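Structure first, then comments.
Just so it is clear, none of the values below were taken in a lab; they were calculated from the coordinates. All values derive from a computational prediction rather than experimental measurement. As a convention, Cβ positions derive from the backbone with ideal geometry for all residues, glycine included, and neighbour counts pool all protein chains shown.
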Amino acid sequence: MSDLYNVSSSSHIRAKDTSAKIMLYVAIALLPASLFGIWNFGLRALILILVCVATCVASEWIFEKLIHKKSTINDFSAVVTGLLLALNLPHTLPVWQAVLGSVFAIVIVKMLFGGLGQNFMNPALGARCFLLVSFAGTMTSFTYDGVTGATPLALLKNGETVDTMKMLLGTTAGTIGETSVIAVLLGAIFLILMGVIDLTIPASYILSFGVFVLLFGGHGFDMTYLTAHLCGGGLMLGAFFMATDYVTSPITPMGRVVYGIVLGILTGLFRLFGANAEGVSFAIILGNLLVPIIEKFTIPRAFGQKKEVKQHE
Amino acid sequence: MGFMTFKGGVHPHDGKEFSKDKPIRELLPKGELVFPVSQHIGAPASPVVAVGDTVLRGQKIAEAGGFVSAPVYSSVSGTVKAIQPRRGATGDMVNSIIIENDGEMKEVEYSPVEDITALSKEEIIGKVKEAGVVGMGGAGFPTHVKLSPKEPDKIEYIIANCAECEPYLTADYRRMLENPEELIAGMRIVLQLFDHAKGLFGIEDNKPDCIAKMQELTKDEPRMEVCPLKTKYPQGGERQLIYATTHRKINSTMLPADAGCIVDNVETLISIYKAVKLGKPVMNRIFTVTGDAVAEPGNFDICLGMSYGEVLEAAGGFKVQPEKIISGGPMMGFSMFGLDIPTTKTSSSLLCLAKDDVAASETTACINCGRCVSACPEQIIPTRLAKMAGHGDMAGFEKWNGMECIECGSCSYICPAKIPLAQSIRTMKKQILAERRKK
């Protein structure tokens, strides 16, 4: 029996949640969208999901092995990255391109910047944009029920009509995980209930985007047009699962609101005035880069501090 | 019940079930007692006894070393055995007077006061000062200094800190149940000092019996009010308590008096009562021995100077070997190497935990989840401050309001990556304060 007891600085108790558990919750929350994607697009979707997850986890493990660091694959963050990337790919993408994207996400975007918590850009989105510029053809060709077709957003951009009910359910062309608003929202509700995310960023993002579309969409108060924009593309998946990525979003409470608004405006700009129909991925990546500036201007006032009190320089 | 609260905070398991139903038991000390001359914030007291002197219970053994200081009294009769440095609960070596207890508890003559209302304000403060009353919730700030603000007319609220928001602790709870009259009498004395003040008792709503009892006993006291508070840590933090009960905000550069408030803990108010009414100095206090490693957790009326180990024996010793023993609560208490440490005016409990959460949890990378931000009652950004502390970035640390941290430990508690955020911030604060003193 030792006579000395453990000594450490307070506090001496710790809450039960761990980072790994939070990541696991995110992975679970992505299941409805994943399962719907598999049902909607078939076996190819399942294969891409498995390939992306496996490649992400393997690249993290191998990278850490090579640089003699302790493996961090147990924290589930690579699983989440793989899953998110897969959900952002068309199911027709060649497997080797998905593998390349996964390696890019983990090695280039995440590990080279220091691993979990250090990346300045969402790894899955970074990889998606990398694939978009590298393989524009395969990344933007969508088929549905064996027929090559445009996504609802592309139809919308060309002035054609879309079926908003189908968009809500998700039985349309698109990437594996973005089509079903209902499936995405199911996962989002789970995350909110588990206390993993809150509504600050998604709400300010979606609201500001909605206002932008109403103001500049050229359709006035056309609710069908607005609904189609809200349900279309990766907006819901992006707003609830990628804009809320802890590492790449601001930590200051006010900064989170500003960030959401910036994303809404950027998405509106890209969608309405850009060459592509889709704009969520680029908006979030650009938003990620603005985070340090947003934080700098939104340092919160501490409890009881008065406005006029100047800080020590 | 309990709508009054603050923003932020955490809800750790409260653990009060171990000792909350155990009535206060008086303990008689054996063997030697150790009286550190620094049991308060401010200048250490200077010994007025020499080795070999015989002392009585209630005899002054060390004189206040300045205005912000407090005298120390012997809690037993016996002989001064030595005056030498001994280790205190915070780990520091403190000059201490060691008294061999003769077991007879021979006391000095106290001078009780018949009619307190006949005393002048100066007399009351004088008695509080002479009795060595300090903030007994843990801070140890000399109470007579608190009771002498620059503008006494501007004090509008005397807030009794009955929140006891630290998990496990039940000392104040037992006091409120068993000695509420003394608590109220203490409040009455303080109110006598401040003509425009109202007395508030801030009690967390996990103690409905205390709230009911205090409401019943104060119903004919026009100047007193019971404020039920939401149960949340750190509801009993001074700034948080002031905000919850009065909606006034103070920051690190202000004193409660700047917001017209004076905050005193339950045990402090009872000590004020004993000092003024009975003329008794601070020699005893209530003390909780608790935790899942203790055989018979309980609440004790201890003679100050007893060792933690001796009080533990009274609680039946260990049931299982603990990994960690803590002086105070689990959120802000001090972990101790061993039990041969004297209890002082600010010792509220001995908490023995069979399992040490801190040693068991592995620190991982910060994922910027922001839970520390939501938990922080000061609305600052603990994770960013801890990073700046790690880089030694003093300018950034101050710009991001790091000096506002109250070291409540909510961030360390809630962090899913198990990063000791409060520790980093506390260390950085100390460094910055040291730098400022150099200038």
Cross-link partners of B:Lys429 among lysines (Cα-Cα below 17 Å; sequence separation of 8 or more within a chain):
B:Lys387, B:Lys399, B:Lys438, B:Lys439
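Please give the length that would be gained between B:Glu17 and B:Glu104 if that part of the chain were fully extended, namely 0.36 nm times their separation in residues minus their C-alpha to C-alpha distance (nm, one decimal). Don't skip to the end; give the middle numbers.
Numbers: separation 87, 0.36 × 87 = 31.32 nm, distance 3.56 nm.
Roughly 27.8 nm would be gained on extension.
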Which of the listed residues, A:Ile73, A:Ala124, A:Phe135, is farthest toward the dipole's positive end in region A:1-136, when Lys, Arg count +1 and Asp, Glu count -1 at the beta-carbon?
A:Phe135
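With each run of n ≥ 4 DSSP H residues scored as -39500 (n - 2.57), what mean residue ellipticity at 222 nm is computed for the protein assembly as shown after dividing by its residue count and rounding to the nearest 500 deg cm²/dmol? The partial results should precede the final answer.
Working: 28 runs with 291 residues, N = 752.
The helix contribution divided over the protein assembly as shown gives -11500 deg cm²/dmol.
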What is the log10 of I(q)/I(0) for region A:20-60, computed with the Debye formula using one identical point scatterer on each Cα and no solvent, at q = 0.25, 0.26, 0.30 Å⁻¹?
-0.91, -0.93, -1.00
Contour minus end-to-end for B:Ala212 and B:Ala43, with contour as 0.36 nm per residue of separation and end-to-end as the Cα-Cα distance?
56.8 nm
Would you mind getting me the FRET efficiency between A:Leu193 and A:Leu35? Use the beta-carbon distance for r and R0 = 22 Å, nearest 0.05.
0.70
Counting alpha carbon pairs within less than 8 Å and at least 6 residues apart, what relative contact order, in whole percent, applies to region A:130-274?
26
Along the charge dipole of the protein assembly as shown, Cβ charges K/R +1 and D/E -1, which of B:Ile158, A:Gly218, B:Leu56 sits furthest on the positive end?
A:Gly218
One would report the Cα pair-distance distribution of the protein assembly as shown, bin width 10 Å, in %, as 3, 13, 20, 20, 15, 12, 9, 6, 2, 1, 0
Apply the Karplus curve 6.51 cos²θ - 1.76 cosθ + 1.60, θ = phi - 60°, to the phi angles in region A:140-152 and return the couplings in whole Hz, x for Gly and Pro.
10, 9, 10, 10, 9, 6, x, 10, 5, x, 7, 6, x
Taking 56 Å as R0, compute the FRET efficiency from the Cβ-Cβ separation of A:Phe221 and B:Ala434 and round it to 0.05.
0.35
If amide H atoms are built 1.01 Å from N in the plane of the peptide, which residues on other chains or at least 5 residues away come under 5 Å of the amide H of B:Ala354?
B:Asp292, B:Ala293, B:Glu323
Using the 10 angstrom Cβ neighbour count as an exposure proxy, how do B:Ile83, A:Ile251, A:Ile182, A:Ile22 rank, fewest first?
A:Ile182, B:Ile83, A:Ile251, A:Ile22
Once amide H atoms are placed 1.01 Å from N in the peptide plane, what residues at a sequence separation of 5 or more from B:Thr343, or on another chain, have their amide H within under 5 Å of its amide H?
B:Gly305, B:Met306, B:Ser307, B:Tyr308
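To the nearest 20 debye, what is the magnitude of the charge dipole of region B:90-206 about its Cα centre, counting +1 on the Cβ of each Lys and Arg and -1 on the Cβ of each Asp and Glu? Write down the numbers at each step before the final one.
Values: 11 positive and 23 negative charges, 94 e Å.
Dipole about the Cα centre, nearest 20: 440 debye.
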A:Ala275 and A:Ile62 label points (each 7 Å along its Cα→Cβ direction) are spaced in nm at 3.3
Taking max minus min of the Cα coordinates of chain B on each principal axis, largest first, gives extents in Å of 63, 50, 49
Starting from one equal scatterer on each C-alpha and no solvent at all, send me the Debye-based log10 I(q)/I(0) for region B:284-439 at q = 0.09, 0.12, 0.16 Å⁻¹, two decimals.
-0.38, -0.63, -0.92
Exposure proxy ranking, count of Cβ atoms within 10 Å, fewest first, for B:Asp92, B:Asp220, B:Asp53:
B:Asp220, B:Asp92, B:Asp53
Charge-dipole axis of chain B as Lys and Arg at +1 and Asp and Glu at -1 on Cβ define it, positive-most pick from B:Tyr243, B:Gly91, B:Thr363
B:Thr363
Amide H neighbours of B:Gln39 under 5 Å, at least 5 residues apart or on other chains, H built in the peptide plane: list them.
B:Ala45
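Using only the Cα atoms, what convex hull volume per residue in Å³ does region B:99-247 have?
Numbers: hull volume 23.1 nm³, N = 149.
Dividing the Cα hull volume of region B:99-247 by its residue count gives 155 Å³.
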Cα-centre dipole for the protein assembly as shown with unit charges at Cβ (Lys and Arg positive, Asp and Glu negative), debye to 20
1780
With contacts defined as alpha carbon pairs under 8 Å and 6 or more residues apart, what's the relative contact order of chain B in percent?
19
In terms of Cα to Cα distance under 22 Å, which lysines are near enough to B:Lys213, apart from those fewer than 8 places away along the same chain?
B:Lys16, B:Lys20, B:Lys22, B:Lys198, B:Lys230, B:Lys232, B:Lys274
Counting only Cα atoms, I'd like the Rg/Rh figure for region A:135-246, Kirkwood definition for Rh.
0.98
Which order results if B:Asp195, B:Asp115 are arranged by neighbouring Cβ count within 10 Å, fewest first?
B:Asp115, B:Asp195
With B:Thr364 itself left out, Lys, Arg at +1 and Asp, Glu at -1 over residues whose Cβ is under 11 Å from its Cβ give 0
Once you put a point 7 Å from the Cα of A:Leu185 and another 7 Å from the Cα of A:Phe297, both along the Cβ direction, what distance in nm separates them?
3.3
Report the longest stretch of chain B that contains none of the GluC sites (Glu not before Pro) sitting in a DSSP loop with at most 11 other Cβ atoms within 10 Å.
B:115-361
Could you give the dipole magnitude of chain A about its Cα centre, charging the beta-carbon of Lys and Arg +1 and that of Asp and Glu -1, in debye to the nearest 20?
500
Under 17 Å Cα to Cα from B:Lys280, which lysines show up? Leave out anything in the same chain fewer than 8 places away.
B:Lys60, B:Lys106, B:Lys127, B:Lys129, B:Lys345
Column: log10 I(q)/I(0), Debye, Cα scatterers of chain A, q = 0.13 Å⁻¹:
-0.93
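Take the Cβ-Cβ distance between B:Phe337 and A:Val147 as r, set R0 to 56 Å, and report the resulting FRET efficiency rounded to the nearest 0.05.
Details: r = 75 Å, r/R0 = 1.33.
The pair B:Phe337/A:Val147 has a calculated efficiency of 0.15.
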Testing the spin-label approximation: label points 7 Å from Cα along Cα→Cβ at A:Val95 and B:Ala295. State their distance in nm.
6.7
Cα-based Lys proximity count in chain A, under 28 Å, for pairs eight or more positions apart or on separate chains
15
Quick check: residue separation of B:Glu178 and B:Asp53 times 0.36 nm, minus the Cα distance between them. What number comes out in nm?
41.3 nm
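Quote the relative contact order of region B:72-126 in percent (integer), defining contacts as alpha-carbon pairs under 8 Å separated by 6+ residues. If you can, show how the numbers build up before the last one.
Details: 53 pairs, mean separation 18.4, N = 55.
Answer for region B:72-126 is 33 percent.
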